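Q: Here it is: the structure, laid out below.
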Amino acid sequence: MRLFIKTVLTAFTLTEVSLAHISTDPNTVTVTADDSNNNSQGPWKRCVGMTGEECQEYIKRTVPDLEDRVYIIGHDQMATMDYRLDRVRIFVNENGVVERVPKRG
């Protein structure tokens, strides 16, 4: 287990992401990145592990101009493949938890 955590920390260190929270469980390891600089362009790493609604509210507070264009995409829900910088999609799993880092596009 320690080797795995060290590998995860090394990967995050190489991408220059500071870690705000690391929690371990006998079966899983959860790492939450700190994007406290309130980056208005994204990606919003802090959202991974939040509910879709929490993430949506966080992005709306961070970037008011995207207020009506932050969408939650459910597990197995279809979405268009066009690339648009004026929207953010939040992909959630079957439990409604964000599973990918939301970003513009």
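Q: Along the charge dipole of segment 33-105, which of Val92, Val70, Gly42 sits closest to the positive end, that is, farthest toward it, with unit charges on the beta carbon of Lys, Arg, Asp and Glu (+1, +1, -1, -1)?
A: Farthest towards the positive end: Gly42.
Q: Rounded to the nearest 0.05, what FRET efficiency do Met81 and Val101 have when you use their Cβ-Cβ distance and R0 = 25 Å?
A: 0.85
Q: Next question, about the same structure. Using a Förster distance of 22 Å, how high is the FRET efficiency between Glu67 and Ser40, based on the Cβ-Cβ distance and rounded to 0.05?
A: 0.95
Q: Residues with amide H under 5 Å of Arg87's amide H, sequence separation 5 or more or different chain, H placed in the peptide plane at 1.01 Å from N; which?
A: Gly105
Read-outs: derived from the displayed coordinates by stated rules, not from any lab. Keep in mind it's a predicted model, so treat the numbers as computed, not measured. We place every Cβ from the backbone using ideal geometry, glycine too, and count neighbours over all the protein chains shown.
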